[in-house]
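Heads up: the structure comes next, in structure tokens.
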Amino acid sequence: MHYPETKLPNVGTTIFSVMSQLAAEHRAINLSQGFPDFDGPQLIRDRVVHYMQSGANQYAPFIGVPSLRQAIKDKVARHYGADVDAESEVTVTSGASEAIYAAITATVRQGDEVIVFDPCYDCYEPAVELNGGVCRHVALDLPEFKINWLALEQAISPRTRMIIVNAPHNPSGVSLSRDELDRLAELIRDTNILLLGDEVYEHIVFDGQSHNSLLTHKELARRSFVISSFGKTYHITGWKVGYCIAPVALSTELRKVHQYITFCTPTPMQLAIADYMNTHPEYESELSGFYQEKRDIFCHEIRRSRFGFTPAKGGYFQLADYSQISDMDDVSFARWLTTEAGVAAIPVSVFCEQPKPDARLIRFCFAKNEETLKHAGERLCRL
Ligand SMILES: Cc1ncc(COP(=O)(O)O)c(C=O)c1O
């Protein structure tokens, strides 16, 4: 027999798995994949145990348990002044990844175009392609990682179904300003273009800035899937719990897909997160300070190295330019750094359709204990 041809010829094992595996083989400090090396709050873990021990072990309602949807509704009212309906506009998913896949699958058809900004998180394009669409890549303007409005305008066509906006941005940490949201609204006002807001780092913004969610912009919110991840907010990436907020018409379509991908998300995790959100409403506002301290520790550690950097403005990654250290391309340098220097990082070119040949940028994850960051810093300063 002949096995079918691959539907995703351009997809292999993700760079995150490759670098994490290489880090493990070489006992390198793993600052590549984006996950914390510390646990989420004790209480949130205790509540999962509590719910598992008291019988909450069967399927949850497919749209999410009521207490969690209500807690999400309250949260977005608190942070963004948004008034969303917990019953018809909030859907709990198995991580932001599932919400992204479901939103794209529910709306992108054969021949549709989806605009993404490079460097771009890796899960959007395969989802678009599996649904018969194509991604149009618009490069962000470096070094500020800002939208190039002329390039965006030129990329929009009658086939544009969706624009994916990731803010705070992975890997740069850059957020969108209020003016940029207004400009986006103006640009797409007379079109039927949808927006997918990947806002998984929504509560991690530094130096007194604020995150302007698409939910803060009433006009944009009417055409948006706004997606976030409890994994990032509560240091529980392995639980894979996320959510999508969208107007009723879009939520209805997203739910049709979601119910056949996972149907629902593990019950005890949902109940535990809801309890924690209700008892600790201040937590989200404190998260930026928590991660800013980590960013500062890491930047302080590498200030005497030959890496060039501007401290990240949000998220949990620090970009660093290694052109003073090597003229290898970034994939080779990231491998070398892992095997020879004992620190694993992610090459930024993998997030780009057309990487600049002279770009010498890598990404370090600073969502790590102080000790881990200091050890990594020591090693990086030796280069
Ligand atoms: C920009 C971005 N979107 C989505 C995700 C996926 O989130 P989740 O683990 O909740 O699926 C990640 C995880 O690293 C991310 O960085």
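The values are calculated or read from the model by the stated rules, or taken from the named source; none is laboratory data. This one's a predicted model, so the numbers in the text were calculated from it and none came from an experiment. All Cβ positions, glycine included, derive from the backbone under ideal geometry; neighbour counts span all protein chains shown. Quick note on the areas: whole protein, heavy atoms, side chains included, nothing else; ligands and nucleic acids left out. Shrake-Rupley method; radii C 1.70, N 1.55, O 1.52, S 1.80 Å.
Just how far, in whole angstrom, is the range 138-172 from the range 68-117 if you go by their alpha carbon centroids?
What the calculation gives is 20 Å, centre to centre.
Among Cys299, Ile346, Leu195, which residue has its Cα furthest toward the positive end of the charge dipole of the chain, with +1 on Lys/Arg Cβ and -1 on Asp/Glu Cβ?
Farthest towards the positive end: Ile346.
Determine the shape class of the range 1-60: with a ≥ b ≥ c the square roots of the Cα gyration tensor eigenvalues, call it rounded for a/c under 1.5, and otherwise prolate if a/b is greater than b/c, oblate otherwise.
Cα axes put the range 1-60 in the oblate bin.
If you take the beta carbon distance between Thr262 and Arg382 as r and set R0 to 56 Å, what does 1/(1 + (r/R0)^6) give as a FRET efficiency, to the nearest 0.05?
E between Thr262 and Arg382, to the nearest 0.05, is 0.80.
For Thr252 paired with Asn278, estimate the spin-label separation in nm (one decimal), with each label point 7 Å from Cα along the Cα-to-Cβ line.
It is 3.0 nm.
Sticking with the crude label model, points 7 Å out along Cα→Cβ, report the distance from Leu130 to Asn10 in nm, one decimal please.
Distance between the two pseudo-spin positions: 1.6 nm.
What value does the range 169-232 have for Rg/Rh, both radii from Cα atoms and Rh as Kirkwood defines it?
Taking Rh as the inverse mean 1/r over Cα pairs, Rg/Rh reads 0.97.
At 7 Å along Cα-to-Cβ for each site, give me the label-to-label distance between Arg27 and Glu186 in nm.
Here the answer is 5.8 nm between the modelled labels.
Note the per residue figure in Å³ for the convex hull of the C-alpha positions in the chain.
Spelled out: Cα convex hull of the chain, divided by residues, is 155 Å³.
Can you send over the carbon and sulfur percentage of the accessible area for the chain, probe radius 1.4 Å, protein chains only?
Carbon and sulfur together cover 50 percent of it.
Taking a virtual spin label 7 Å from the Cα of Asp207 along the C-beta vector, which residues in the range 114-157 bring their backbone nitrogen under 15 Å of it?
Counting only backbone N, you get 143-146.
Per residue, how many Å² of accessible area does the range 42-279 show with a 1.4 Å probe?
Here the residues of the range 42-279 average 40 Å² of exposed surface.
So which lysines can Lys294 reach, going by Cα to Cα under 19 Å and dropping same-chain residues fewer than 8 places off?
Cross-link targets: Lys232, Lys313, Lys368, Lys374.
Determine the sum of side-chain charges near Ala367: Lys and Arg each +1, Asp and Glu each -1, restricted to other residues whose C-beta is under 14 angstrom from that of Ala367.
Net of charged neighbours comes to -1.
Taking R0 as 41 Å, what FRET efficiency do you get between Gln354 and Asp85 from their Cβ-Cβ distance, rounded to the nearest 0.05?
0.45
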